[in-house]
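Chemist: Could you have a look at this structure, given as structure tokens, before my questions?
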Amino acid sequence: MKISGNEIKPGNIIEHQGRLWIAAKTQHTKPGKGGAYLQVELKAIPDGTKLNERFRSSETVERVFLEEKEHQFLYAEGDKLTFMDMETYEQVSLEKDFIGDSADFLKDNMIVMLALHEGRPITVQLPETLVMEITEADPVVKGQTASSSYKPAVLENG
């Protein structure tokens, strides 16, 4: 869907220069001389490179809507993570680097949200909260309960 250059809002996903970008920050600017414009900080999907771009109201950009579908995490094999679509039972394999550090918190049969653009995965969103078991923790030190105290712990996933 085409939108005017000054209608871009933070969080919008647009297609610009043949790539997908998410608008991180926007700022309307009206210089003393010349027309007003919108200064937008764009982040590339999925690699995260940044681009600062100016859009005038006369320019149009393509706003992209992503399809979000529930997928179940099945297993990890080497650097590949396999997910299954809950409706069609179709399997999708993604690189561990695609998810980043969040891959360490995946558990078998966990339900995640995959955002897709034209059938291609763009982002993976894990649940807000996870229940993990603590396998190892430092012993309690007496007298540290007057205020909140924290100690390192090892979870079931290492």
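Chemist: With a 10 Å cut-off between alpha carbons and a GNM built on the chain, which of 48, 11, 32 moves the most?
Modeler: Among 48, 11, 32, the largest GNM mean-square fluctuation belongs to 32.
Chemist: Would you mind counting up the charge near residue 116? Only other residues with Cβ under 12 Å from its Cβ, with Lys and Arg at +1 and Asp and Glu at -1.
Modeler: That works out to -4.
Chemist: Check each of the chymotrypsin sites (Phe, Trp or Tyr not before Pro) in the range 34-91 and keep only those in coil by DSSP with at most 13 other C-beta atoms within 10 angstrom; list them in order.
Modeler: Sparse-neighbourhood loop chymotrypsin sites (Phe, Trp or Tyr not before Pro): 65, 89.
Chemist: Please report, to one decimal in angstroms, the Kirkwood hydrodynamic radius of the range 1-121 built from all distinct Cα-Cα pairs.
Modeler: It works out to 16.4 Å.
Chemist: Okay, next question. Provide the per-residue ³J(HN,Hα) series for the range 33-45, in order, calculated from phi with Karplus coefficients 6.51, -1.76, 1.60 and θ = phi - 60°, each as a whole number of Hz, with x at glycine and proline positions.
Modeler: 10, x, x, 6, 8, 10, 8, 10, 8, 9, 10, 6, 9
Chemist: Could you state the accessible area per residue of the range 21-100 in Å², with a 1.4 Å probe and every protein chain left in place?
Modeler: 64
Chemist: Now for a different question. Would you calculate a helix-derived [θ] at 222 nm for the chain, using -39,500 (n - 2.57) for each DSSP H run of n ≥ 4 and dividing by the full residue count, to the nearest 500?
Modeler: -500 deg cm²/dmol
Chemist: Would you rank 132, 86, 1, 110 by solvent-accessible area, highest first, keeping every protein chain in place and using a 1.4 Å probe?
Modeler: 1, 86, 132, 110
Chemist: In whole percent, and with a 1.4 Å probe on the protein chains, what portion of the accessible area of the chain is carbon and sulfur?
Modeler: 48
Chemist: Counting only other residues whose beta carbon sits under 10 Å from that of residue 85, what net charge do I get with K and R as +1, D and E as -1?
Modeler: It works out to a net charge of -2.
The values are calculated or read from the model by the stated rules, or taken from the named source; none is laboratory data. Just so you know, these numbers come straight off a predicted model, no measurement behind them. Every residue, glycine among them, receives a Cβ derived from its backbone with ideal geometry; neighbour counts consider all protein chains shown. Quick note on the areas: whole protein, heavy atoms, side chains included, nothing else; ligands and nucleic acids left out. Shrake-Rupley method; radii C 1.70, N 1.55, O 1.52, S 1.80 Å.
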